[in-house]
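Just so it is clear, none of the values below were taken in a lab; they were calculated from the coordinates. The structure displayed is predicted, hence computed values, not measured ones. Every residue, glycine among them, receives a Cβ derived from its backbone with ideal geometry; neighbour counts consider all protein chains shown.
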Amino acid sequence: MPATAAPQPVSANDPAPAHIATSNEQPIWQRHVFVCTSGSWCPAVDGDGLGVHARLKALVAEAGLKATTRVNHSGCFDQCGHGPMVVVYPENVWYWGVQPGDVDEIVREHLIGGKPVERLRYHNTPGKHKLLRDADGKPIGRPERAGEAQPGA
C-alpha cells in the first residue's frame, strides 16, 4: 500500500478548500430552524416538540419557503423545562415553550415578515439552563405566559 502524506497544518493565509463557503458567498439556507425533538421533555412532556416540528415543516412548505428555509430536528439544547425550544439562525432567535398553535405566528411574523415573535422569545445567559423537576415531573421555576396553562397541568 502506498504511504499517504500526513495532513499539513492550516494557516490563516491558506485559502479555504473549495467546498467551504467564504464570506462573499450566499448561504445554502437563508434561515435554519431547529426544533428540539430529543429526549423525553421537549417532544412529549413539556409540550409537543414533534408536533411543533411537523407544523413548521408543513407551514414553511405552504408558504413557499422550502427553497430558503430549512427546518430540522435537533438534539437537546440544554434548556430542559423551558421547551419545546425552537432556534432560528442566522438571527440566533430562541423561542421557548412553543406549541403547535404558536407555529403559524412564528412563520407569519418571523419567517415571512422578518420580525421575531416577542411573546415567545427566550432570553437567558449563555450555557446550560436545565430546570429541576418536582415529584410529578413538572419543571420548577418555569416562567408562565398570561393565559397559558403549564405543561402537564
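In square nanometres, what is one fourth of the surface area of the convex hull spanned by the alpha carbons of the stretch 49-140?
Values: hull surface 25.2 nm².
Mean projected area of the Cα convex hull: 6.3 nm².
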Cross-link partners among aspartates and glutamates for Lys115, C-alpha distance below 16 Å, same-chain residues fewer than 8 apart left out?
-> Glu91, Asp102, Asp104, Glu105
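Quote to one decimal, in nm, the extra length available between His73 and His123 on full extension: 0.36 nm per residue of separation minus the C-alpha distance between them. Write out the running numbers ahead of the final one.
Working: separation 50, 0.36 × 50 = 18.00 nm, distance 2.13 nm.
Full extension of this stretch gives 15.9 nm more.
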Non-local residues with an amide H under 5 Å from the amide H of Val93, with H modelled 1.01 Å from N and Pro and chain starts lacking one, are Val88
Along each of its three principal axes, how wide is the spread of alpha-carbon positions in the stretch 28-91, in whole angstrom units, largest first?
-> 32, 21, 13
How large is ³J(HN,Hα), in whole Hz, for each residue of the stretch 124-137 in order, when computed from phi with the Karplus curve 6.51 cos²θ - 1.76 cosθ + 1.60 and θ = phi - 60°, using x for Gly and Pro?
-> 8, 7, x, x, 6, 9, 7, 8, 5, 10, 7, 4, 8, x
Cross-link reach from Lys138 to lysines, straight Cα distance under 16 Å and at least 8 residues apart if same chain, gives Lys130
Taking every other residue with Cβ under 13 Å from the Cβ of Pro100 and scoring Lys and Arg +1, Asp and Glu -1, one gets -2
